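**Student:** Sending over a structure as structure tokens; questions will come in a sec.
Every number in this text was worked out from the coordinates using simple rules, so none of it is lab data. As the structure is a prediction and not an experimental result, all values here were calculated from the model. Here the Cβ is made from the backbone with ideal geometry for all residues, glycine too, and neighbour counts use every protein chain on show.
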Amino acid sequence: MPRILTVGAAQLGPIQREESRSSAVARMIELMRQAKANGCDLVVYPEAALTAFFPHWWIDDEAEIDSYFESAMPSNETAPLFAEAERLGIGFHLGYPELAFEDGRKRRFNTAIMVDKSGRIVGKYRKIHLPGHPEHRPDAVFQNLEKRYFETGNLGWPVWETMGGRLGMMICNDRRWPESYRVMGLQGVEMIVLGYNTPKHNPPAPDHDRLGNFHNQLVMQAGAYQNATWVVGVAKAGLEAGVDQIGGSCIIAPTGEVVAQAVTEDDELVVARCDLDLGNSYKNSTFNFAKHREPQTYGMIVERKGAVIA
Ligand code: CDV
């Protein structure tokens, strides 16, 4: 029996600064209903999906910074999303800025969760690769202040047995780093889901601008193939608060092929029926890690929560 997980990549168009979370959630619910009508088991939303991507601008006031974060999940505004998912019997992945109280202090992370078909949060991931800079650069056309607003994620890259598969998460800039995929690949991941907010313009290196869409696909296709896993990448796209962001949300097979892709920079659902066993022939041949990897030669040991998993 093939293990099919039908997934919907729920790209969002821009969310302007004045748009409320409730309005964003209503748009997400509309995409969730479309996903259900298309037979989806799981719907994947972008990074920091509930508001405009505030790390693009400098904020001094602590209370104003906190206003972009969720201190509970579900929150009042996201409760309807959880309720609708439970009613429809569909899982979802959601990225959001998280305000946590841990180790006796306030902490801020760029976080994503996996929610199963019963509406239960089964997994949480906190973004590890934070791009940008911590200092104010008032002369830049826009900034990327993730290093100011977030701490480096501290939950590693676990994988979860859920919805009939072995699923993992990463967030945006993580997708550019081979380690992100490989740590989950070493745990036999079958589908990695991720959201992104990627400006078309790269202020520190404008000569990269013409390659933005190419690099987006390049890294996800390579990560999928080299780890024999499905990859689902979902954008918040279009012109948001003065920053133009790429779309190109796509679903990539373990073969490395893009099997479905968004064609707009607006709210758009992209669907694929994903055979979770499709990666097996790669896991058992070219990328049979036990037979062919040489970690002792690389001089590198990968550790997660103290356990050697290389
Ligand atoms: N949100 C992100 O992580 N964005 C980065 C940009 C700033 C380069 C990305 O890798 O897409």
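**Student:** Under a crude label model (7 Å from the Cα following the beta-carbon direction), how far is residue 4 from residue 107 in nanometres?
**Tutor:** Output for this residue pair reads 4.2 nm.
**Student:** Calculate the all-directions average of the projected area of the range 119-186's alpha-carbon convex hull, and give it in nm². It would help to have the intermediate numbers written out before the result.
**Tutor:** Details: hull surface 24.4 nm².
Mean projected area for the range 119-186: 6.1 nm², to one decimal.
**Student:** Using per-residue counts of other Cβ atoms within 10 Å, averaged over each peptide, order 243-255, 226-238 from highest down. Spell out each step's value before the answer.
**Tutor:** On the way: 243-255: 22.4, 226-238: 27.0.
In descending order of packing, they fall as 226-238, 243-255.
**Student:** For the range 102-229, what is the charge dipole size about the Cα centre, in debye to the nearest 20, if Lys and Arg each add +1 at the Cβ and Asp and Glu each add -1 at the Cβ? It would help to have the intermediate numbers written out before the result.
**Tutor:** Details: 18 positive and 13 negative charges, 57 e Å.
Using only the charged Cβ atoms, the result is roughly 280 debye.
**Student:** Another one. Provide the FRET efficiency to the nearest 0.05 for the residue 22-residue 205 pair, computing r from the beta carbons and using R0 = 35 Å. Display every interim value, and only then the final one.
**Tutor:** Details: r = 37 Å, r/R0 = 1.07.
Once rounded, the FRET efficiency stands at 0.40.
**Student:** For residue 120 and residue 71, what does the FRET efficiency come to when R0 = 25 Å and r is the distance between their Cβ atoms, rounded to the nearest 0.05? Walk me through the numbers on the way to the answer.
**Tutor:** Details: r = 20 Å, r/R0 = 0.78.
Efficiency, from the Cβ-Cβ distance: 0.80.
**Student:** A follow-up question, please. Could you sort the peptides 191-202, 151-162 by per-residue average Cβ neighbour count (10 Å cutoff), highest mean leading? Provide the component values of the computation, followed by the final result.
**Tutor:** Details: 191-202: 23.2, 151-162: 16.5.
The most tightly packed comes first, giving 191-202, 151-162.
**Student:** Could I ask something else about it? Could you sort the peptides 282-293, 167-178 by per-residue average Cβ neighbour count (10 Å cutoff), highest mean leading? It would help to have the intermediate numbers written out before the result.
**Tutor:** Numbers: 282-293: 12.9, 167-178: 24.0.
Result, highest mean first: 167-178, 282-293.
**Student:** Pick out, from 109, 49, 167, the residue whose Cα sits farthest towards the positive end of the charge dipole of the chain, with +1 on the Cβ of Lys and Arg and -1 on the Cβ of Asp and Glu.
**Tutor:** The one lying farthest along the dipole's positive direction is 167.
**Student:** Would you list, by chain and number, the aspartates and glutamates whose Cα falls below 12 Å from the Cα of residue 117, excluding same-chain residues fewer than 8 positions away?
**Tutor:** Hits, sequence-local ones excluded: 41, 84, 86.
**Student:** Another question, then. Compute, for the range 194-296, the length of the dipole vector about the Cα centre, with Cβ point charges of +1 (Lys, Arg) and -1 (Asp, Glu) only. Units Debye, rounded to 20. It would help to have the intermediate numbers written out before the result.
**Tutor:** Working: 7 positive and 12 negative charges, 102 e Å.
About 500 debye.
**Student:** Moving on. At 0.36 nm per residue, and after removing the present C-alpha to C-alpha distance, how many nm does the segment from residue 290 to residue 215 gain when stretched out fully?
**Tutor:** Values: separation 75, 0.36 × 75 = 27.00 nm, distance 2.97 nm.
Result for the pair: 24.0 nm of gain on full extension.
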